[in-house]
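We did not get these values from a lab; they are worked out from the coordinates using the rules stated. This is a predicted model, so every value here is computed, not measured.
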């Protein structure tokens, strides 16, 4: 479990189905890290670097195989505080970054709507590349979020170009509510 508050932005390198990072913090094999919002397990550590194994499904459904800079967040400790919202690291897929507009001290960043349109509502939560954000508004085929300069400068959003894929995870509470309302049970339960 994560909070969507990015702790580091690092350049990564994909080699032989492994995603490598320079060792810039203390890390252990078996530790869970959100990498662009995807919960991955550290599978190797050397003196200078650490790495993750990327499965085929993960490479297919996320932007991990095409990104250069990655948002990183260590998992939430039970005694830790939650500054963002609860993020599982089970990314739903990718949306496309469309554009950014600056208004005063804010940036409005526009994205294509995901297939789960029902979960994209004004004032709702969403994780984009692992960043906990609030949806400002929704139109027929887009939604946008407001980003303050601190968030822009301290995440990989500063590197986004038009058309780039961005990982998204819809709010877990919205997912459970939809399952209960539609089916009288949580999706996937018996």
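Once the chain from residue 61 to residue 45 is taken as fully extended at 0.36 nm per residue, the excess over their C-alpha distance is 3.2 nm. Note: segment 93-183, Cα convex hull, 92 Å³ per residue. Please build a GNM for the chain, connecting alpha carbons under 10 Å apart, and tell me which residue among 99, 77, 61 fluctuates the most. Of 99, 77, 61, the Gaussian network model singles out 77 as fluctuating most. Largest GNM mean-square fluctuation across 138, 66, 91, computed for the chain with C-alpha springs under 10 Å, falls on 66.
For the residues 56, 28, 116, a GNM of the chain with alpha-carbon springs under 10 Å puts the largest fluctuation on 56.
Over every Cα atom in the chain, the radius of gyration and the widest Cα-Cα span, Dmax, amount to 16.6, 51 Å. Solvent-free Debye calculation, one equal scatterer per alpha-carbon of segment 8-74: log10 I(q)/I(0) at 0.19, 0.21, 0.23, 0.29 Å⁻¹ equals -0.64, -0.80, -0.98, -1.70.
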